[in-house]
Amino acid sequence: MADWWDANGARHRKQFATSAAAREHEHRETALAHAERASREMKLAARTGGGKRARTETVTGTGANGTIEPAKGKLGVMIPGMGAVATTFVAGVEAIRKGLAKPIGSLTQMGTVRLGKRTEGRTPKIKEFVPLAGLDDLVFTGWDIFEDNMYEAASHAGVLDQRLLDQLKPFLSSITPRSAVFDHNYVKKIDGPNVKKGKTKMDLAEQLRHDIRDFKKTSGASRLITMWCGSTESFIEPTEAHQSVKAFEKALRENDELIAPSMIYAYASLMEGVPFANGAPNLTVDLPVMLELSRKNEAPICGKDFKTGQTLMKTVLAPAFKARMLGLNGWFSTNILGNRDGEVLDDPGSFKTKEESKLSVLEHILQPDLYPELYGDMYHKVRINYYPPRGDNKEGWDNIDIFGWLGYPMQIKVDFLCRDSILAAPIVLDLVLLVDLAKRCSELRGLGIQEWLSFYFKSPMTPPGLYPEHDLFIQLMKLKNTLRHLKGEELITHLGLEYYD
Ligand SMILES: NC(=O)c1ccc[n+]([C@@H]2O[C@H](COP(=O)([O-])OP(=O)(O)OC[C@H]3O[C@@H](n4cnc5c(N)ncnc54)[C@H](O)[C@@H]3O)[C@@H](O)[C@H]2O)c1
């Protein structure tokens, strides 16, 4: 027997032929009630901007979840910081549009997603599975303290071949930087002339909001996203001023020195309902005030710090050691880097911000509190050395001291001769397209932090009290399962027992 309620709320007792049928019915009803409750909680959390978080991970889709608006019209990409990463990204998009190159390294452009069972043979490209903006629909603007247009800035960065840049010259030259909100105290190694003036930080925020509206109008974009590719700012801790919109706005009016320029861009964007992704390790949107604004204005946020070279390797190798229960005595990582980013990171304040971001990864993956004999005593050191001759071609060198059966020591050496901006550019493209998707999804846009995009970051943002997932393959599964969930496809658990029935 099982209870049921009619449309008027009256309770009835349902009869079943066998007790197994009654149990089966009860299980189904309970599962349905759980799914409905999870969905209600998620909507409520999105609307109220707080309270209990919805347990999305337990909901298995059997029909599309929420609605996804189509990617109609142009998508305006606004980039504070038109340096090496930004120009490599924009020049790359234009080269791909012209058929001169391929979007290597971009999951949205080249990746697939498996749907259903392994025997079904359904693996569409991600960009065909979910409605993403097409590359032809992207339009760009940016801000920088230097006046160089994108052609000049890309030539100066020295990442891409000058012959390729020359083929893209008319397009790249047409993108000139808007004047920046800048504070030399936050980026000590550089200074430039193209900077906004205002009596208060609130005045500067207003000027940025004006820029945003102006770009929307002049570009004809139907949607916008802000993608921080600016320099790494000096390390600061959150204060009272960052705890709520009210406190933050007061602090903006009072020129509080602990409001960094990147936060002013973030505030301006979110106030305009524009999503904000953070490619640097600065706090920027990783603050209660920004979470509050993001939820209120349904403008998704994510960050921090693109996961490109050495940390990418770390988040691949460390999970392998843990999977095999191999111990770790120490991990020494050093880098030589000669681009402007390297110069900025030569300042102890900016380096500290980056160091914090790079260091947190191992603790979270290896969980020394759970495995004290294996990881309780590990020594982790990260150095970044500015070495101009290398330009953007960084060398990331790792010495890893591990131990195995009966404690016998072993060593691994990794020498990654990478290209920083070549690794970062496809991440920028994916984030632009996926954050725009989040903004068009009824289920995602009110959540604030888009944790499913952790895949792209060294220090993935999470709500207070929730530790981030750093393992690259867990992050990838999270990303793809989110896409499956949105489209109502079954989540892939890799259990696989059904193949042996
Ligand atoms: N390339 C990578 O692999 C990688 C990985 C992770 C994070 N990052 C981060 O991405 C960011 C960009 O890296 P990059 O190599 O392009 O550096 P870059 O120095 O070439 O470019 C940064 C640009 O930001 C500008 N800028 C600084 N403050 C600004 C402000 N307040 N407003 C507007 N513009 C401002 C600078 O003038 C410069 O042109 C850095 O913070 C870097 O740490 C890069």
Among the residues of region 305-322, count how many are buried (at least 20 other Cβ atoms within 10 Å of the Cβ), in contact with a Gly (Cβ under 8 Å, 6 or more places away or on another chain) and at pLDDT below 95. 3
Subset of region 82-119 (residues that are small (Gly, Ala, Ser), away from the ligand (no atom under 12 Å from the Cβ) and in contact with a strand residue (DSSP E or B) (Cβ under 9 Å, 6 or more places away or on another chain)): Gly111, Gly116
Report, by residue number, each residue of region 175-187 that is within 11 Å of the ligand (Cβ to nearest atom), within 21 Å of Lys354 (Cβ to Cβ) and open to solvent by 20 Å² or more (accessible area, probe 1.4 Å). Phe182, Asp183, His184
Go through (1) within 16 Å of the ligand (Cβ to nearest atom); (2) touching a residue at least 40 places away in the same chain (Cβ under 8 Å) one by one and return the number of the condition Leu434 breaks. (1)
Scan of region 413-427 for residues that are more than 15 Å from Val316 (Cβ to Cβ) and within 9 Å of the ligand (Cβ to nearest atom), ordered by number: Arg419, Asp420, Ser421, Ile422, Ala424, Ala425, Ile427
Limited to region 227-245, what total is found for residues that are within 15 Å of the ligand (Cβ to nearest atom) and open to solvent by less than 60 Å² (accessible area, probe 1.4 Å)? 9
Hits in region 319-340 (condition: more than 10 Å from the ligand (Cβ to nearest atom) and over 15 Å from Lys381 (Cβ atoms)): Pro319, Ala320, Phe321, Lys322, Ala323, Arg324, Met325, Leu326, Gly327, Ile336, Gly338
With respect to the numbered conditions (1) under 25 Å from Lys197 (Cα atoms); (2) within 15 Å of the ligand (Cβ to nearest atom); (3) of a type in the set (Asp, Glu), which one is the sole condition not fulfilled by Asp286? (1)
Going through (1) closer than 28 Å to Leu107 by Cα; (2) more than 23 Å from the chain's Cα centre (by Cα); (3) within 16 Å of the ligand (Cβ to nearest atom) one by one, Asp392 fails only at (2)
Helices (runs of 4 or more DSSP H) contained in region 201-303 and holding at least 2 residues of a type in the set (Ser, Thr, Tyr): 201-219, 261-271
Subset of region 78-98 (residues that are open to solvent by 10 Å² or more (accessible area, probe 1.4 Å), hydrophobic (A, V, I, L, M, F, W, C) and either in contact with a Ser or Thr (Cβ under 8 Å, 6 or more places away or on another chain) or touching a residue at least 40 places away in the same chain (Cβ under 8 Å) (or both)): Ala84, Val85
Please count how many residues of region 415-455 are in contact with an Asp or Glu (Cβ under 6 Å, 6 or more places away or on another chain) and either within 23 Å of Asp137 (Cβ to Cβ) or loosely packed, with under 15 Cβ neighbours inside 10 Å (or both). 3
If you check Ser294, Ser269, which single one turns out to be open to solvent by less than 10 Å² (accessible area, probe 1.4 Å), away from the ligand (no atom under 16 Å from the Cβ), more than 15 Å from Thr353 (Cα to Cα) and touching a Pro at 6+ places or on another chain (Cβ under 8 Å)? Ser294
When residues of region 120-176 are filtered for being over 29 Å from Pro193 (Cβ atoms), β-branched (Val, Ile, Thr) and under 23 Å from the mean Cα position of the chain (by Cα), how many remain? 2
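Okay, residues lined up against (1) under 16 Å from His470 (Cα atoms); (2) assigned to a strand (DSSP E or B):
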site	(1), (2)
Thr308	yes, no
Lys314	yes, no
Phe321	yes, no
Ser333	no, yes
Asp341	no, no
Pro368	yes, no
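Every residue, every condition in (1) touching a helix residue (DSSP H, G or I) at 6+ places or on another chain (Cβ under 6 Å); (2) assigned to a loop (DSSP other than H, G, I, E, B); (3) within 23 Å of Pro177 (Cβ to Cβ); (4) of a type outside the set (D, E, K, R), yes or no:
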| position | (1), (2), (3), (4) |
| --- | --- |
| Ile104 | no, yes, no, yes |
| Leu132 | yes, yes, no, yes |
| Trp143 | no, no, yes, yes |
| Asp148 | no, yes, yes, no |
| Tyr151 | yes, no, yes, yes |
| Val159 | yes, yes, yes, yes |
| Leu165 | yes, no, yes, yes |
Run down Leu224, Leu164, Leu172 and say which single residue is within 16 Å of the ligand (Cβ to nearest atom), modelled with pLDDT of 95 or more and open to solvent by less than 70 Å² (accessible area, probe 1.4 Å). Leu172
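The values are calculated or read from the model by the stated rules, or taken from the named source; none is laboratory data. Owing to the predicted nature of the structure, the values given are computational and were not obtained by experimental measurement. Reconstructed Cβ throughout: ideal geometry from the backbone, glycine too, with neighbour counts over all protein chains shown. Calculation scope for accessible area: heavy atoms of the full protein, side chains included, ligands and nucleic acids excluded. Shrake-Rupley method; radii C 1.70, N 1.55, O 1.52, S 1.80 Å.
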